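Written below as structure tokens is the structure these notes are about.
The values are calculated or read from the model by the stated rules, or taken from the named source; none is laboratory data. What you see is a predicted model; the values in this text were computed from it and never measured. No Cβ is skipped: glycine too gets one built from the backbone with ideal geometry, and neighbour counts run over all protein chains shown. Side chains included, ligands, DNA and RNA excluded: accessible areas come from the protein's heavy atoms. Shrake-Rupley method; radii C 1.70, N 1.55, O 1.52, S 1.80 Å.
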Amino acid sequence: MIDTHSHIYLPHFDNDRADVIDRAKESGVEAILLPNIDKSTIEPLRQLCYDYQGYCFPMTGLHPTNVDKDYKNQLTIVEKQLLKNDIIGIGETGIDLYWDKTYIKEQISAFEYQLKLAKEANLPIVIHARESFDTIFKVLDNFGGELPKGVFHCFTGNTEEAKRVIDYGMLLGIGGVVTFKNGGLGEIVKTVLLKNIILETDSPYLAPSPHRGKRNEPSYLSLILKKIAELRSDSIENIDMQTTNNAKSLFLKQ
């Protein structure tokens, strides 16, 4: 398994980060991919990748909920990380209309910039979409030229939105919500081709059942894998193999 989206560099893990990673390895997680949030998280993310080189892999980007009037300066800082030549993706970026719409214009501008950055750097993009599918689709439709590869992380859209994401050539990041009783992902996970799915935890957020409401961690990826196998009436081994290959093809082939 590969946890394609985790924030275990955050303070939530300061007291037991090594144990969290040990549990991840014991559960079968062979790599943890780390999207950035803003300029303040670069240093802890970098330190984690240094401490666990070859196991934790860095991305660089500006999260939409951290976009404000200073976003252009933040983008300059996160873009400089590309000079280190070890970045595997651009993100987490996107648009979030759930928490705050104050900086919606700035969110769109920052997202457009990071799309272009991903294309120029030939890196996949990690898209955060919360109550913003229509706005994001409009940006993608107006991009001009071929879009970068990427993933809609923590996908929670409907069947039509899933089809549109796939039509853009992007993957669906499936996390703990798939285990929720009323999560709404069952039919989508049952029907989309397995080549369009990768696994993620979004640790420390969105822990799968039976840990819902508690701190999430990469070892819980096995619960997400198990639920997908149940929904698809497929073996855990096959889901594991294909989603891992999908993740490697998208992020770790550089």
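Farther than 25 Å from residue 22 by Cβ, open to solvent by 20 Å² or more (accessible area, probe 1.4 Å), of a type outside the set (A, V, I, L, M) and free of Cβ contacts under 8 Å to residues at least 12 places away in the same chain: does that describe residue 253?
When the stated conditions are applied, residue 253 passes them.
Would a scan of region 73-84 turn up a residue that is in contact (Cβ under 8 Å) with a residue 40 or more places away in the chain, basic (Lys, Arg) and open to solvent by 40 Å² or more (accessible area, probe 1.4 Å)?
No, region 73-84 has no match at all.
For region 234-243, does any single residue satisfy the condition of being assigned to a loop (DSSP other than H, G, I, E, B) and open to solvent by 20 Å² or more (accessible area, probe 1.4 Å)?
yes
With (1) over 22 Å from residue 99 (Cβ atoms); (2) more than 18 Å from the chain's Cα centre (by Cα) as the list, and residue 196 as the residue in question, which single condition is left unmet?
Condition not satisfied by residue 196: (2).
For region 131-153, enumerate the residues that are out of contact with any strand residue (DSSP E or B) (no Cβ under 6 Å at 6 or more places or on another chain) and of a type outside the set (Asp, Glu).
133, 137, 138, 139, 140, 142, 143, 144, 145, 147, 149
Output yes when any residue across region 215-225 is over 23 Å from residue 13 (Cβ atoms) and either part of a helix (DSSP H, G or I) or without any contact (Cβ under 8 Å) to a residue 40 or more places away in the chain (or both), and no when none is.
No; the residues of region 215-225 include none that is over 23 Å from residue 13 (Cβ atoms) and either part of a helix (DSSP H, G or I) or without any contact (Cβ under 8 Å) to a residue 40 or more places away in the chain (or both).
Within region 169-187, is even one residue under 21 Å from residue 112 (Cβ atoms), part of a helix (DSSP H, G or I) and at pLDDT 95 or above?
No.
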